[in-house]
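Have a look at the structure below, then the notes.
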Amino acid sequence: MNIFKRLFRIGQAEIHAAVDKMEDPVKMTEQGLRELRQDLTEATEAYAKVKALAIRTENEQQQCQKESLVYAEKAILIMQKAQAGQVEIGKAEELAKEALSLRRKFYAESEDLGLQVITLQQSSREMLKNTEILKDNLEKWEKELRTLKARVKVSKATEQVNKQLAQLDNNGTIAMLERMKNKVEDQEALAQAYGEIARDKNSLKDELNKLVKDDTLSIEKDLKAIKDKLGIPDNPQ
């Protein structure tokens, strides 16, 4: 039964750790910025495609305008030839009508393409504006994220230090240091006492030796006085 409870607690701890990791604001922000960077890349590519389409459409419009003018000039040229008697009038009119029909066709296409160019250019300008806004914001957010990451590191380090200071004596560290300090002071005092005792013993010994030495001299003097009184020489042969 206990082993199952233990496994359940371990499973809960792993789940909580996974949730905490998932909800890490720094990692979530980094992921969000990566997605925005991808969006910016896609937006830039989309803008380039719309811009290219606008340019191609504008080129097609200009080409249709040129074709419209060419066929208008052809209709005039044919009628001028008919006027000069170079072409039969009926045939000239028929050709001129065909040229004018093509002229109207290309003109109409040119007008339609012109409207498309306006729409595409407007869209491309709007896309460029939004892309620049996204780029500027992304750069600003990435800079802020770098600052926040640095602040997170500092706050975590500060939290750890403060936590250690707050829990400094939980395991009796200070008390143990105090006991060690007292023990060292006791040992130092004891060593000092032994030193003083040793010095006192040496002083007593020296004093005793001095006294003994002085007594010896006195005895020698007294003995010599007796010998002198009795007429005994100092070094009898």
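None of the figures in this text is laboratory data; all of them are computed from the coordinates on show. Please read all numbers here as calculations on a predicted model, not as lab measurements. Cβ sites come from the backbone with ideal geometry, for glycine too, and all protein chains shown count toward neighbours.
Rounded to the nearest whole Hz, the Karplus-based 3J(HN,Hα) values (6.51 cos²θ - 1.76 cosθ + 1.60, θ = phi - 60°) of segment 151-158 follow the sequence 5, 5, 4, 5, 5, 5, 5, 5, with x at glycine and proline. Computed over segment 119-168, the convex hull of the alpha-carbon atoms projects to a mean area of 3.7 nm².
Using only Cα atoms, figure out Rg for segment 2-167 and give it as a multiple of 2.2 N^0.38 Å. Display every interim value, and only then the final one.
Numbers: Rg = 34.9 Å, N = 166, 2.2 N^0.38 = 15.3 Å.
Relative to the 2.2 N^0.38 Å estimate, segment 2-167 comes out at 2.27.
Applying 0.36 nm per residue to the separation of Leu33 and Leu190 and subtracting their alpha-carbon distance, the gain on full extension is 49.5 nm.
Scalar couplings 3J(HN,Hα) for segment 132-137, obtained by applying the Karplus form with A = 6.51, B = -1.76, C = 1.60 to θ = phi - 60°, are 5, 4, 5, 5, 4, 5 Hz; x denotes Gly and Pro. One decimal place: the segment Arg179-Asn59 gains 33.9 nm when fully extended, by the rule 0.36 nm per residue minus the C-alpha distance. In this simple spin-label model, placing a label point 7 Å from the Cα along the Cα-to-Cβ direction at both Asn162 and Arg104 gives a separation of 8.5 nm. Residue-wise HN-Hα couplings along segment 110-118, as the Karplus relation 6.51 cos²θ - 1.76 cosθ + 1.60 with θ = phi - 60° gives them from phi, are 4, 5, 4, 5, x, 5, 5, 4, 4 Hz; Gly and Pro carry x.
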